[in-house]
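Novice: First, the structure itself, so that you have it in front of you.
The values are calculated or read from the model by the stated rules, or taken from the named source; none is laboratory data. Computed from a prediction, not measured in an experiment: that's the story for all the values here. Every residue, glycine as well, gets a Cβ built from its backbone with ideal geometry; the counts of neighbours run over all protein chains shown. What goes into the accessible areas is simple: the full protein's heavy atoms, side chains included, and nothing from ligands, DNA or RNA. Shrake-Rupley method; radii C 1.70, N 1.55, O 1.52, S 1.80 Å.
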Amino acid sequence: QVQLEESGGGLVQPGGSLRPSCAASGSIFGANAMRWYRQAPGKLRGRVAVVSNDGRTLYQDFVKGRFTVSRDNAKNTLNLQMNSLKAEDTAVYYCNADYGSHSYWGQGTQVTVSS
């Protein structure tokens with residue numbers, strides 16, 4: 001059983017930056033793909049970024065050039081550096097990790113972009 005816990009959300013002005021993190025209760029070395037998702041009020045949860053176990057990354061078009069996903073196997077964390085934030089980035093951000101056939105989710109961290 002793996003537990004994931006997000007932190008690092010908050011309130012930021014448009015154009016600002018945040019760096020949410022996701023801490024795993026166990027080693028992420030054995031995790032396959034790790035992902036960030038987000039869900040805005042009234043909308044479905046959607047994928048934001050993916051990092052594979054060999055470090056390859058994939059981003060949705062609406063965050064390309066602004067967000068950077070990374071995983072630190074030594075610290076068992078998944079990170080999301082978010083720059084040039086926009087109001088439409090406001091959402092609850094969730095981390096997700098695959099271990100074999102099992103998929104685990106964190107409880108989410110709120111990111112609010114507002115002036």
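Novice: Dipole size in debye (nearest 20) for the range 43-83 around its Cα centre, Lys and Arg Cβ +1, Asp and Glu Cβ -1?
Specialist: For this selection, approximately 180 debye.
Novice: While we're looking at this one, here's another question. Just the accessible area per residue of the range 3-73, please: how many Å² with a 1.4 Å probe?
Specialist: Heavy-atom SASA per residue in the range 3-73 reads 56 Å².
Novice: What is the local net charge at ARG35, summed over the other residues whose Cβ is closer than 13 Å to its Cβ (Lys, Arg +1; Asp, Glu -1)?
Specialist: Here the count lands on +3.
Novice: Find the eigenvalues of the gyration tensor of the Cα atoms of the chain, then list the square roots of 5 times those eigenvalues as equivalent ellipsoid semi-axes, largest first, in whole angstrom.
Specialist: 23, 14, 13
Novice: Further question: Select from the range 29-95 those chymotrypsin sites (Phe, Trp or Tyr not before Pro) which occupy a DSSP coil region and have at most 13 other Cβ atoms within 10 Å, ordered by residue number.
Specialist: PHE29
Novice: Within the P(r) computed for the range 16-82, what percentage of the Cα pairs occupies the region above 20 Å?
Specialist: Distances greater than 20 Å cover 28 percent of the Cα pairs.
Novice: Could I ask something else about it? Taking the simple approach of a point 7 Å from Cα along Cα-to-Cβ for both LEU44 and ASP61, what is their distance in nm?
Specialist: My value for the distance between the label points is 1.7 nm.
Novice: Given a 1.4 Å probe and every protein chain left where it sits, what share in percent of the accessible area of the chain is carbon and sulfur?
Specialist: Carbon plus sulfur share of accessible area: 47 percent.
Novice: Right, here's the next one. Along the charge dipole of the chain, which of ASN79, HIS102, GLN1 sits closest to the positive end, that is, farthest toward it, with unit charges on the beta carbon of Lys, Arg, Asp and Glu (+1, +1, -1, -1)?
Specialist: After comparing all options, I get ASN79.
Novice: Charges only on Cβ, +1 for Lys and Arg, -1 for Asp and Glu: so what's the dipole of the chain about the Cα centre, in debye to the nearest 20?
Specialist: Here the size comes out at about 200 debye.
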